[in-house]
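Trainee: My questions all concern the structure below.
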Amino acid sequence: MPTPRAPATRPYARLAAAFALVWCVFLAARLVAHPAPFSYLDARVTPDGLTGRLVMHDLDVAYELNIDPPSRLADAAFVERQSAAVAALLQSRLRFFADGQALDWTFTALRPVAGQDAVEMLWRAPARGTTGKLTIAAHLFPYDPNHQTFINVYEGDVLVRQEILNAGRTSVDFFTGTRQGFLAVFTTFTASGIHHIAIGPDHILFIIGLLLLGGSIPRLLAIVTAFTIGHSVTLALATLQIVDPPARIIEPAIALSIVYVGADNLLTGTKGRDVRAWVALVFGLVHGFGFASVLRETGLPDHALGLSLFSFNLGVEIGQAMIVVVVATALALVRQRDAVLAGRIATVGSVGVMIAGAYWFFERVF
């Protein structure tokens, strides 16, 4: 198998170099006692579905099928007789999904790779219609916890994505450059933004802390908008790798922002100067870096980077809006009926926000 060529876009340059390096190790594996724990999967997106090939080290295949010695897999006739067994072995370990629907794949050929101690399987997975979102799930040889699967995804003859799957990460999503692909980007990343807010207690508590003192609708809108502007700026900067501070700094800083909001509520009360919009703007910059770390894990499509950023931000805003509507409405109702109780809720809530933020700070630092 030739060394995978790197695409021209910068995000893949280092990964392409890693592919070339591990392929050299793969070729040299016969010189050591244990083979290089790598497999290689090429997947080509076509109008009719997927086609591709999978290259596996013969020792991995021999181990799973109890073939001794593994060198028997260098014989083409013997390998052909093992085709059904290899296909059955991989059927549940290699899966493809087009827009969430599982694709049935079949092998078209199985043969040894001359001089490389490897077996190559050609496969195809027909699909109905044009694929927008492609998911590849591969956990090929679970007996070896160090095993990795290097994936090349092509659209036509163009290499559009390279990824590595391992025991800790067994699936990855790809978005095609079609209209269906752009729609899939929009829906997937919008849902991801909503999900991230829903499962992020630190972000939720920060927003609640900003709302505890209440205020007019324009004031609350200004606070939320300022937070949106702040995290949108740093989300874009970090995603584009223009500014990318490490998580060991950002995560404690997010916790400190929560402590600050609670303390500011206690110091300001309902009579002092309301600077919550500025607080939201400044600390929104910090929270944006936290959002970026999650966004990168989803696998940003290089051909739709702007759309994915916009969609994720939209999802975050939808999640925030849901929190604001529920919390602000509940606090306003309490304030209308009993201003004293509302003040106590704001005080107790601010103390609780500070305690939670302090706990997260020490947890993330120590």
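The values are calculated or read from the model by the stated rules, or taken from the named source; none is laboratory data. Just so we're clear, the structure is a prediction, and the values are computed from it rather than from any experiment. Here the Cβ positions follow ideal geometry from the backbone for every residue, glycine too, while neighbour counts run over all protein chains shown. In case anyone asks, the SASA skips ligands and DNA or RNA and just uses the protein heavy atoms, side chains included. Shrake-Rupley method; radii C 1.70, N 1.55, O 1.52, S 1.80 Å.
Trainee: Set Lys and Arg Cβ to +1 and Asp and Glu Cβ to -1, take the dipole of the range 215-311 about its Cα centre, and tell me which of VAL224, PRO252, THR239 lies farthest positive.
Mentor: Final value for the positive-end residue is VAL224.
Trainee: Amide H neighbours of TYR154 under 5 Å, at least 5 residues apart or on other chains, H built in the peptide plane: list them.
Mentor: For TYR154, the qualifying residues are ALA43, ARG44, VAL45, VAL160.
Trainee: For the chain, build the charge dipole from Cβ charges (+1 Lys, Arg; -1 Asp, Glu) around the Cα centre, then report which of LEU314, ILE208, ALA198 sits farthest towards its positive end.
Mentor: Most positive-ward Cα: ILE208.
Trainee: Then there is this: Given 0.36 nm per residue, what is the gain on full extension from VAL233 to ALA137 after removing their alpha carbon distance, in nm?
Mentor: Taking VAL233 through ALA137 to full extension adds about 31.2 nm, to one decimal.
Trainee: If you don't mind, another one. Dipole of the range 79-155, Cα-centred, from +1 at each Lys and Arg C-beta and -1 at each Asp and Glu C-beta, to the nearest 20 debye?
Mentor: Approximately 200 debye in magnitude.
Trainee: Also, quick follow-up: So how do TRP105, TRP278 rank on accessible area, 1.4 Å probe, biggest first, that is with the largest at the start?
Mentor: Result of the area sort, largest leading: TRP278, TRP105.
Trainee: Can you tell me how much longer the chain between ASP302 and ILE217 gets when fully stretched, taken as 0.36 nm per residue apart minus their C-alpha distance, in nm with one decimal?
Mentor: Full extension of this stretch gives 26.7 nm more.
Trainee: Students sometimes get this wrong: rank MET322, MET121, MET354 by accessible area, probe 1.4 Å, all chains present, largest first. Each step should come with its number before you reach the end.
Mentor: On the way: MET322 115, MET121 0, MET354 55 Å².
Most to least solvent-accessible, the answer reads MET322, MET354, MET121.
Trainee: Okay, moving on. Assigning unit charges at the beta carbon (Lys, Arg +1; Asp, Glu -1) and nothing else, what dipole magnitude in debye, to the nearest 20, does the range 294-366 show about its Cα centre? Write down the numbers at each step before the final one.
Mentor: On the way: 5 positive and 5 negative charges, 71 e Å.
Using Cβ point charges on Lys, Arg, Asp and Glu, the range 294-366 gives about 340 debye.
Trainee: A further question on this structure: Counting only heavy atoms of protein chains, what accessible area per residue, in Å², does the chain have with a probe of 1.4 Å?
Mentor: Numbers: 17780 Å² over 366 residues.
Dividing the accessible area of the chain by its residue count gives 49 Å².
Trainee: Something else about it: At 1.4 Å probe size, what's the solvent-accessible area of ILE323? Round to the nearest 10 Å².
Mentor: About 30 Å², rounded to the nearest 10.
Trainee: Let me ask something else. Could you tell me which label, among [x] 34.2, 140; [y] 24.6, 77; [z] 26.2, 86, carries the value of Rg and Dmax of the Cα atoms in Å calculated for this structure?
Mentor: Only one listed value fits the structure, namely [z].
Trainee: Obtain the nm distance between the two label points defined at SER171 and LEU266 by a simple spin-label model: each point lies 7 Å from its Cα along the Cα-to-C-beta direction.
Mentor: About 4.6 nm separates the two model spin labels.
Trainee: What's the extension gain from ALA87 to ALA102 if we count 0.36 nm per residue and subtract their Cα-Cα distance? Walk me through the numbers before you get to the answer.
Mentor: Details: separation 15, 0.36 × 15 = 5.40 nm, distance 1.67 nm.
Length gained, ALA87 through ALA102: 3.7 nm.
Trainee: What distance in nm separates the two pseudo spin-label positions at ALA109 and SER71, each 7 Å out from Cα along the beta-carbon direction?
Mentor: 2.6
Trainee: For the chain, which whole-number percentage of the solvent-accessible area (1.4 Å probe, protein heavy atoms only) is attributable to carbon and sulfur atoms?
Mentor: 63
Trainee: Then there is this: What order do ASP202, ASP117 take when sorted by accessible area (1.4 Å probe), most exposed first?
Mentor: From most accessible down to least: ASP117, ASP202.
Trainee: Would you mind estimating how fast the range 297-366 diffuses translationally, via Stokes-Einstein at 10 °C and 1.306 mPa s with the Kirkwood radius over Cα pairs, in µm²/s?
Mentor: My calculation gives 102 µm²/s for D.
Trainee: Once you charge only the Cβ atoms, +1 for Lys and Arg and -1 for Asp and Glu, what is the size of the charge dipole of the chain about its Cα centre, to the nearest 20 debye? Working shown, then result.
Mentor: Details: 27 positive and 27 negative charges, 204 e Å.
Dipole about the Cα centre, nearest 20: 980 debye.
Trainee: Along the three principal axes, how long is the range 213-366 when you take its alpha carbons, biggest first, rounded to the nearest angstrom?
Mentor: That works out to 54, 35, 23 Å along the principal axes.
Trainee: Still on this structure, please answer the following. For the chain, with the dipole built from +1 on Lys and Arg beta-carbon atoms and -1 on Asp and Glu ones, taken about the Cα centre, which of VAL261, PRO70, VAL113 lies farthest toward the positive end?
Mentor: The residue sitting most towards the positive pole is VAL261.
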